[in-house]
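Everything below concerns the one structure shown next.
The values are calculated or read from the model by the stated rules, or taken from the named source; none is laboratory data. Everything quoted here is computed from the prediction, not taken from an experiment. Cβ: placed from backbone, ideal geometry, glycine included. Neighbour counts: every protein chain shown. SASA here: full protein model, heavy atoms, side chains in, ligands and nucleic acids out. Shrake-Rupley method; radii C 1.70, N 1.55, O 1.52, S 1.80 Å.
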Amino acid sequence: MSRIAELTSLLMPHLMLAPIGLPMLTAALLLTMKEEQQRLKLGLNILSTLLGLLVAVALLLWSHESRAPATMGVYLPGNWPAPFGIVLVLDRLSAMMLLLTGFVALCSIVFAGARWHRAGVHYHTLFQLQLMGLGGAFLTGDLFNLFVFFEILLAASYGLLLHGAGRTRVQAGLHYIAINLAASSLFLIGASMLYGITGTLNMADLAQAIPQVSAADRGLLHSAAAILATAFLIKAAVWPLNFWLVPAYSAATAPVGALFALMTKVGIYTLLRLWTLMFSSEAGPSSLFGSLWLIGGGMVTMAFGAIGMMASQRLTHLAGHAAVLSSGTLLAAAGFGQNALTAGLLYYLPSSTLAVSALFLLADLIDRWRNDGASLAPYELDDVAPFLTPELMPTTGLNLDEDEEVLVGRVIPAAAAFLGLSYMACTLVIAGLPPLSGFIGKFAMLTALVNPLGLGSSAGTQPGLPGWTLIALMIATGLLALLALTRSGIRHFWAAHDRPTPQLRVMEGLPIAILLGACVALTLQANGVMRFTEATANGLHAPGTYVRAVMTAAPIPSPTTTPTPERAESSATTKAAP
């Protein structure tokens, strides 16, 4: 690992451009190719996504070097110092999100390679543009370029949502486009108001400027921040602004739905990044502004997502509401502004995202099995358990098949067993049950709520009403999620009869196995992952390191100019202790 980090150091800071430049160049190349060259396009898409994943791994290892308490990568693409020029910033949080994006994207495109990528035109180009927007959103260091990358990923998502056509996708797509255009308008309004008050859109510079805002302008500052946050809360699917998510995500094709599971996490990431920078404990009179709104909105969203899961009949709707439940849990935990709680939610974030993505892929295979191979067959609620009476008691003499052979002990087809075990793993992670990573993430958050100062140091401290409410909601929503997923599993697996053996291709089963295998890996490496998330949380809640790294990054001197000692020290790659 250290050798990879050393090699990455030689390529820094230019390697930070790869998550943006690689998908952009790939999309341009794919756009020049004919639609008949689908296999070649698929191969290039998979290769580019795999390279992007390897780059994300290298950046993550570099950002978490054990020799440095905090490792920051700062790149000045225009060679102008902050806050005047464009800035790309890499820290542990952005590196983690890049790795999660690359991992889910690779599984999504491999799954799509089995059949879905041929359902429409320009799928691979739109897919790479989506990755470009996601990579840019996680790396950018100013609000204006955040808006640019948001628009890139949203424009690509419009096309991906409509991929495969159909009335349902068009209807859901129109609602999705309308709400995101409204969110973009709020983004512009909030950003322009912040610029008018502080004179900057650079995130690090905003962190410096907000404590200096006069008392007369502080109300306007908070209004601008609230408008800007509303745009991000729409993307984070907070209630009541999440009415668009379940219809849109369930209407999309399976690989697109799996990729869209990342979209709500973009809103979570942006809120976490900006809130800890702009309204940290060092923000003066604006310290922790909006925390109660985040906590309250997150809790209501948790309840809405859990109730929605109980009310869902289709697997894709179930997966959509699971994404809402996950988003609400993350928002509520983030609002407390506690280091230990933030570390727990950062562990829970990739676990829930991987499980929801896998559930979207599983829904496609299970529905196809249910509908005898037809992806768009009508969904009828006529499944009954043939061996149970209306009172749910065993029926005498019905433990036999049509040939009067005993059913108990019969070998389950491998494909059906794989689908069932994968569904069970998704259930465990989403509901937060042991032994998988969903339980560890929720347990870490619950422990942080009960012991905010750490075990042995929190005697006499109480979580308070918001803390106890969140604890109760995490337990209750986990129970409701378990009931909803178990009920759906019974209907699709246990009560199913008169079905042929499911047809499962390697390109469809492998991505699901990899996604759930990653949840197992997070469980086995929980100690190391938690150390990483704790370091990430400590860096977020002590934004001085971020601010200093960005504001002291010096442009490279012109070769025609004799550099002074001060300008000769380029801070494009900075390692600083908080």
Looking at this structure, is Leu241 at pLDDT 85 or above and either surrounded by 17 or more Cβ atoms within 10 Å (Cβ to Cβ) or outside any helix (DSSP H, G or I) (or both)?
-> yes
Selection within the range 263-296 - over 18 Å from Leu194 (Cβ atoms), under 20 Å from the mean Cα position of the chain (by Cα) and open to solvent by 20 Å² or more (accessible area, probe 1.4 Å) = Leu294
Hey, can you tell me all the residues within the range 528-557 that are of a type outside the set (S, T, N, Q), in a helix (DSSP H, G or I), under 26 Å from Pro211 (Cα atoms) and under 23 Å from the mean Cα position of the chain (by Cα)?
-> Ala535, Ala537, Gly539, Leu540, Tyr546
Consider only pairs whose beta carbons are under 7 Å apart and that are at least six residues apart or on different chains; among these, list those whose first residue lies in the range 31-56 and is within 30 Å of Ser9 (Cβ to Cβ) and whose second residue is open to solvent by 80 Å² or more (accessible area, probe 1.4 Å).
-> Leu44/Leu29
Hits in the range 1-35 (condition: part of a loop (DSSP other than H, G, I, E, B), modelled with pLDDT under 85 and open to solvent by 60 Å² or more (accessible area, probe 1.4 Å)) = Met1, Lys34
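What are the residues in the range 317-339 that are surrounded by 22 or more Cβ atoms within 10 Å (Cβ to Cβ) and either over 19 Å from the mean Cα position of the chain (by Cα) or among the β-branched types (Val, Ile, Thr) (or both), if any?
Across the range 317-339, the qualifying residues are Val324, Thr329, Phe336.
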From the list Val170, Val148, which one is among the hydrophobic types (A, V, I, L, M, F, W, C), surrounded by fewer than 20 Cβ atoms within 10 Å (Cβ to Cβ), touching a residue at least 12 places away in the same chain (Cβ under 8 Å) and more than 17 Å from Thr264 (Cβ to Cβ)?
-> Val148
From Ile366, Ile307, which residue is among the hydrophobic types (A, V, I, L, M, F, W, C) and either touching a strand residue (DSSP E or B) at 6+ places or on another chain (Cβ under 8 Å) or open to solvent by less than 10 Å² (accessible area, probe 1.4 Å) (or both)?
-> Ile366
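Every residue, every condition in (1) among the charged types (D, E, K, R); (2) in a helix (DSSP H, G or I); (3) closer than 13 Å to Ile268 by Cα, yes or no:
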site	(1), (2), (3)
Phe304	no, yes, no
Met310	no, yes, no
Thr316	no, yes, no
Gly328	no, yes, yes
Ala333	no, yes, yes
Gly337	no, no, no
Ala340	no, yes, no
Gly344	no, yes, no
The condition from (1) touching a helix residue (DSSP H, G or I) at 6+ places or on another chain (Cβ under 8 Å); (2) without any contact (Cβ under 8 Å) to a residue 24 or more places away in the chain that Ala191 misses is numbered (2)
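Table: residues versus (1) closer than 30 Å to Pro543 by Cα; (2) at pLDDT 90 or above; (3) hydroxyl-bearing (Ser, Thr, Tyr); (4) part of a loop (DSSP other than H, G, I, E, B).
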| position | (1), (2), (3), (4) |
| --- | --- |
| Leu93 | yes, yes, no, no |
| Met96 | yes, yes, no, no |
| Leu99 | yes, yes, no, no |
| Val104 | yes, yes, no, no |
| Gln128 | no, yes, no, no |
| Met132 | yes, yes, no, no |
| Val148 | yes, yes, no, no |
| His163 | no, no, no, yes |
| Ala172 | no, no, no, no |
Give the residues of the range 36-56 that are open to solvent by less than 30 Å² (accessible area, probe 1.4 Å) and under 20 Å from the mean Cα position of the chain (by Cα), sorted by residue number.
-> Thr49, Gly52, Leu53, Val55, Ala56
Please tell me if Ile210 is in a helix (DSSP H, G or I), more than 20 Å from Lys265 (Cα to Cα) and modelled with pLDDT of 90 or more.
-> no
